[in-house]
Amino acid sequence: MRITFLGTGTSQGVPVIGCECEVCKSVNKKDKRLRSSVLIEEDDKNIIIDTGPDLRQQSLKNNICKIDFVLYTHAHRDHVSGIDELRSFNFIQKEEIHGFGNKELVNQLKNDYSYIFQNQNYPGLPKVDLEIVNKIFTYKGIEVIPIQAFHHKLKILGYRIKDFTYLTDVKTLEENELKKINGSKVLVINCLQIKEHISHLNLEEALELVDKIEVEKVYFTHISHNLGLYDKIESILPRKVNLAYDTLKVEL
Ligand SMILES: [Zn+2]
Ligand SMILES: [Zn+2]
Ligand SMILES: [Zn+2]
């Protein structure tokens, strides 16, 4: 299995428009972050988690020519608003693309992007089929375990495929959901900034959570310019924890 980080930034991305801070002004490529998403390549299948506003750019940059299905975490714009870019893959693949998410996500997307789901039969519309999931399922031969978490009060999903677990925009996780992550080789989890935040884990909370889970390697994602410079934060993290950066590839 190969993981490619397509984006590792929070909702505004890094640099933030108009910001003069040292992170936004940094010349280190690892301090430039598109909105959060990953590509999972497993058994000749390409799975992406979320379709954020940078999906077009991310697909071009990483040479993605096929998407077998999409796993959605939640319906905030930084995770869904690139949904129209799935059209390019509809054109290439000549088929609908299946997306999975919880009830909240599916209802919200059908409402917010109603033009896609109203069967208007206009040839230029994205062809996306959404399915509600709340327990383990298999699609195109890939077994996926949804993991429920809370983003402030919003119910969101993370996903585990084999030894890889991806969670973003988490603030809290119940004990029985935590157990589903145990034994993963690689865990990706959000870490927004140093200061506390109402709906995201900050650095301290993300490290505390990681301590409770049996995993070999952890990558932090959904990072804000307020976390600090890549080099600086990377140097203070425990050995098994790293900051993710855009285009990073991890094999497992
Ligand atoms: Zn987000
Ligand atoms: Zn900044
Ligand atoms: Zn969010």
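Yes/no per residue for (1) more than 23 Å from Gln57 (Cα to Cα); (2) within 15 Å of ligand 1 (Cβ to nearest atom); (3) modelled with pLDDT of 95 or more:
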{"site": "His74", "(1), (2), (3)": "no, yes, yes"}
{"site": "Ile97", "(1), (2), (3)": "no, no, yes"}
{"site": "Gly101", "(1), (2), (3)": "yes, yes, yes"}
{"site": "Leu105", "(1), (2), (3)": "yes, yes, yes"}
{"site": "Lys110", "(1), (2), (3)": "yes, no, yes"}
{"site": "Val133", "(1), (2), (3)": "yes, no, yes"}
{"site": "Leu154", "(1), (2), (3)": "yes, yes, yes"}
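How many of the residues in segment 59-80 are within 15 Å of Thr168 (Cβ to Cβ) and not hydrophobic (A, V, I, L, M, F, W, C)? Reasoning before the result, please.
Of all residues in segment 59-80, those within 15 Å of Thr168 (Cβ to Cβ) come to 70-80.
Keeping just the survivors that are not hydrophobic (A, V, I, L, M, F, W, C) gives 72-74, 76-79.
So the count comes out to 7.
Of the set (1) under 25 Å from Val14 (Cα atoms); (2) within 16 Å of ligand 3 (Cβ to nearest atom), all apply to Leu207 but (2). The strands (runs of 3 or more DSSP E) found wholly in segment 79-156 and carrying at least 2 residues that are surrounded by fewer than 15 Cβ atoms within 10 Å (Cβ to Cβ) and either in contact (Cβ under 8 Å) with a residue 12 or more places away in the chain or touching a His at 6+ places or on another chain (Cβ under 8 Å) (or both) occupy 128-132.
Just one of the numbered conditions (1) touching a residue at least 40 places away in the same chain (Cβ under 8 Å); (2) hydrophobic (A, V, I, L, M, F, W, C); (3) open to solvent by 40 Å² or more (accessible area, probe 1.4 Å) is not true of Ile194: (1).
Filtered by the rule that a residue be more than 14 Å from ligand 3 (Cβ to nearest atom) and open to solvent by 10 Å² or more (accessible area, probe 1.4 Å), segment 157-181 gives Arg160, Lys162, Asp163, Leu173, Glu174, Glu175, Asn176, Glu177, Lys179, Lys180. Looking only at residues of segment 6-62 that are within 29 Å of Asp129 (Cβ to Cβ) and assigned to a helix (DSSP H, G or I), we find that the one that is most open to solvent (accessible area, probe 1.4 Å) is Arg56.
For Val241, the conditions (1) touching a helix residue (DSSP H, G or I) at 6+ places or on another chain (Cβ under 8 Å); (2) open to solvent by 70 Å² or more (accessible area, probe 1.4 Å) all hold with the exception of (2).
Report yes if some residue within segment 66-78 is closer than 27 Å to Leu203 by Cα and open to solvent by 30 Å² or more (accessible area, probe 1.4 Å); otherwise report no. Yes.
The values are calculated or read from the model by the stated rules, or taken from the named source; none is laboratory data. These figures come from a predicted structure and were not determined experimentally. Cβ atoms come from the backbone with ideal geometry, glycine included; neighbour counts cover every protein chain shown. Protein only, heavy atoms only, side chains kept; ligands, DNA and RNA dropped before computing areas. Shrake-Rupley method; radii C 1.70, N 1.55, O 1.52, S 1.80 Å.
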